[in-house]
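J.: Let me begin by handing over the structure; questions about it come next.
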Ligand SMILES: Cc1cc2nc3c(=O)[nH]c(=O)nc-3n(C[C@H](O)[C@H](O)[C@H](O)COP(=O)(O)OP(=O)(O)OC[C@H]3O[C@@H](n4cnc5c(N)ncnc54)[C@H](O)[C@@H]3O)c2cc1C
Ligand SMILES: Nc1ncnc2c1ncn2[C@@H]1O[C@H](COP(=O)(O)O)[C@@H](O)[C@H]1O
């Protein structure tokens, strides 16, 4: 495979996202000899800092430095990338809220294949990449074959590829700004206004040592009471998965996951939670995970240390009673 | 405002445990309960709320076959004004880009100010909305969890980003948005509502009617193909506690005590 490989680097407050090093590993699985070019957009000193940091891991860094990119808007950066990226290249982008905004449209503009949310690569044959994806919230996996011969945009699931910490590259930083903005900026059809910060709730689950976390398996709002009872008996706080917040049964500040809070408890009890990657993405610091789920095949059992296959509506009250008994 | 909402019929993961069939060619389809993709329901609800505020009409569209018609009907029972089924053997085996191309052709046959899709569907791709926008050269915003109409030329949208924060944008119409769950509370559709729309004629558009060349969509146009379904090697999964509930609770309580889970 002689195709050039690019990795689009997400950064925040002058620091590259963890996915930067994960994409080096992903690129290596595409082609062991590939030299990977990092593409970094932003503005000013902050951007320079990120470029310098990333250059120690990538053989080349392309930077796009423009005042309109102080906060990156996918609608603005997409045409710039379309100008600078070669048509037949392979572009890796993290599959998170920004990547999801940018990537599908970029694949159309580059007339490249699109492979979303890849979790592994298993080799290339005749210009076709065999990759692994998940469907149905991780309940089943699939092999897909993606024809990358005419170029491809591939989003990579954060955390799926190991970070490559080798830092041997010492890469060149190439300023691509002039080429990226040649012919003018995109028409400002979508204008960034501001970031509305998450509301602060009554408990700060990011500080809790023990979390009893509840998911859609709880079925009814009234049933939440038994979860709070268990948490009280354990001396824990209650957190939840997204559907509980969507239903407005608990406040957003209790949601664990990529679009919620990142928590670092010592013990995490997942009750009726399937274990989607967006949920697990909010769980850091290797807690002791106990999962209770009536489906023995639920993906949460892959992440958990201890599993109990049961109906939480039966199990939770019994557990609570026992703990209260012990405590007297 | 003329709003088009793209919807997909999918196996309902809240009602089914999804399993791989014996030879890994598909998921086990017997006895599957299907419904509208969770995210699309939020999109239709949002469209209804916009229409009820500023006027206009809502069209619901799906690319699929006869069976998929039921989701169009359901969303009409919910409150959408029109439904369209885009159906042709030539569409079978389409990848995301194929679906987006078919939808594009349908968009060009109408006159819409706003197109809504779900943030993602059953295969978790999250691709069709962004591709459709790029094909139309319309602005796009994904993961929208707040929408306010400013006037007939622009709207304000909040995008969900990390940490529960929201990115506010102003975006020009016409545009395409992918809708995230939690943006609203989709209304309940009762059996009565379904009955009301049961006999409505849902127009079907074929590839020829849409002016789509067969080889650009479907299997032959697809650069992404699914080879198989499988369940990954269990690896180091959880230790499943066995025994009577009492025994399980004994073990669990000991473990929790040891790990500091009971204070
Ligand atoms: C961009 C994006 C960001 C997202 N961010 C987040 C996020 O931050 N956090 C998050 O949680 N999700 C997030 N999601 C949603 C995520 O994809 C899943 O939809 C969600 O995590 C599922 O929640 P759940 O596990 O509670 O529900 P489900 O997936 O519906 O699982 C319910 C589980 O409960 C089990 N169950 C049902 N009844 C019972 C019972 N009586 N007893 C025991 N078990 C039972 C079922 O077997 C099933 O495993 C995001 C999605 C997107 C697209
Ligand atoms: N066959 C289809 N017909 C109509 N809309 C679809 C179809 N497939 C996907 N979509 C739309 O695209 C969204 C995202 O789906 P996907 O890109 O497949 O994850 C869905 O929520 C739908 O709004």
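J.: Can residue A:103 be described as assigned to a helix (DSSP H, G or I) and either in contact (Cβ under 8 Å) with a residue 24 or more places away in the chain or assigned by TED's automatic domain parsing to the domain that holds residue A:163 (or both)?
T.: When the stated conditions are applied, residue A:103 passes them.
J.: Another question, if that's okay. Testing residue B:99 on (1) near ligand 2 (Cβ under 10 Å from one of its atoms); (2) touching a helix residue (DSSP H, G or I) at 6+ places or on another chain (Cβ under 7 Å); (3) within 19 Å of residue B:181 (Cα to Cα), one condition comes back false. Which one is that?
T.: Going through the list (1) near ligand 2 (Cβ under 10 Å from one of its atoms); (2) touching a helix residue (DSSP H, G or I) at 6+ places or on another chain (Cβ under 7 Å); (3) within 19 Å of residue B:181 (Cα to Cα), residue B:99 breaks only (3).
J.: Which of the residues belonging to segment A:11-35 are in a loop (DSSP other than H, G, I, E, B) and either free of Cβ contacts under 8 Å to residues at least 40 places away in the same chain or crowded, with 22+ Cβ neighbours inside 10 Å (or both)?
T.: A:13, A:14, A:32, A:33, A:34, A:35
J.: Pairs only if they're at least six apart or on different chains, beta carbon under 7 angstrom, first in segment B:116-131 and within 7 Å of another protein chain (Cβ to nearest Cβ) and within 19 Å of residue B:175 (Cβ to Cβ), second in a helix (DSSP H, G or I) and within 12 Å of ligand 1 (Cβ to nearest atom); list them, first residue then second.
T.: B:126/A:100
J.: How many residues does segment A:283-309 hold that are surrounded by fewer than 19 Cβ atoms within 10 Å (Cβ to Cβ), within 21 Å of residue B:243 (Cα to Cα) and more than 8 Å from chain B (Cβ to nearest Cβ)?
T.: Count: 1.
J.: Got a sec? Which of B:116, B:86, B:136, B:173 is more than 16 Å from ligand 1 (Cβ to nearest atom), modelled with pLDDT of 95 or more, on the phi < 0 side of the Ramachandran plot and crowded, with 23+ Cβ neighbours inside 10 Å?
T.: It is B:86.
J.: Within the bounds of segment B:32-51, is there any residue that is farther than 28 Å from residue A:104 by Cα and under 18 Å from the mean Cα position of the chain (by Cα)?
T.: yes
J.: Out of all the residues in segment B:202-219, which are over 23 Å from the mean Cα position of the chain (by Cα) and either surrounded by fewer than 13 Cβ atoms within 10 Å (Cβ to Cβ) or on the phi > 0 side of the Ramachandran plot (or both)?
T.: Across segment B:202-219, the qualifying residues are B:208, B:211, B:213, B:215.
J.: Within segment A:223-233, is there a residue that is in contact with a helix residue (DSSP H, G or I) (Cβ under 9 Å, 6 or more places away or on another chain) and within 10 Å of another protein chain (Cβ to nearest Cβ)?
T.: Within segment A:223-233, one or more residues are in contact with a helix residue (DSSP H, G or I) (Cβ under 9 Å, 6 or more places away or on another chain) and within 10 Å of another protein chain (Cβ to nearest Cβ).
J.: Here's another thing I want to ask about it. Take residues that are at positive phi and either away from chain A (no Cβ under 14 Å) or within 16 Å of ligand 1 (Cβ to nearest atom) (or both) and tell me which of the strands (runs of 3 or more DSSP E) falling wholly in segment B:1-56 contain 1 or more.
T.: Here the list is empty.
J.: Another question about this same structure. Please go through segment A:238-268 and pick out each residue that is more than 12 Å from ligand 1 (Cβ to nearest atom) and buried (at least 21 other Cβ atoms within 10 Å of the Cβ).
T.: Within segment A:238-268, A:238, A:265, A:267, A:268 meet the criteria.
J.: Given the residues B:96, B:182, which is the only one that is on the phi > 0 side of the Ramachandran plot and within 16 Å of ligand 1 (Cβ to nearest atom)? Can you show your working first?
T.: Numbers: B:96 fails: on the phi > 0 side of the Ramachandran plot.
Exactly one residue qualifies, and that residue is B:182.
The values are calculated or read from the model by the stated rules, or taken from the named source; none is laboratory data. Everything numeric here is computed off the predicted structure, so don't read it as measured data. Virtual Cβ from ideal backbone geometry, glycine too; neighbours counted across all protein chains shown.
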